[in-house]
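> Handing you this structure, nothing more for now.
Please treat every number below as a calculation from the coordinates, not as lab data. Here the structure is a predicted model, which is why all the values come from computation and not from measurement.
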Amino acid sequence: MVFKPNYNQQRAERNRAKQAKKEEKLREQQEARARRKAQEAAEGTAAPAAPESEPAKD
């Protein structure tokens, strides 16, 4: 016996999958942002820029 389709259930499943995909994408973006910030911070502390000092006066 074939059941008639339950459109509300199918729609709910699609919406759940869509939301899960959005959350996964957002999480990956946040992780990438955190990695970039950590890398920039590490580069900033590992190779400090030369201080801008006045030239030595003779």
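> What lysines does Lys37 reach when the alpha-carbon gap must be under 22 Å and sequence neighbours fewer than 8 apart in one chain are set aside?
Counting by Cα, and skipping residues close in sequence, Lys37 has these lysines nearby: Lys25.
> Could you work out how much longer the chain between Arg16 and Ala42 gets when fully extended? Use 0.36 nm per residue separation minus the Cα distance between them, nm to one decimal.
5.5 nm
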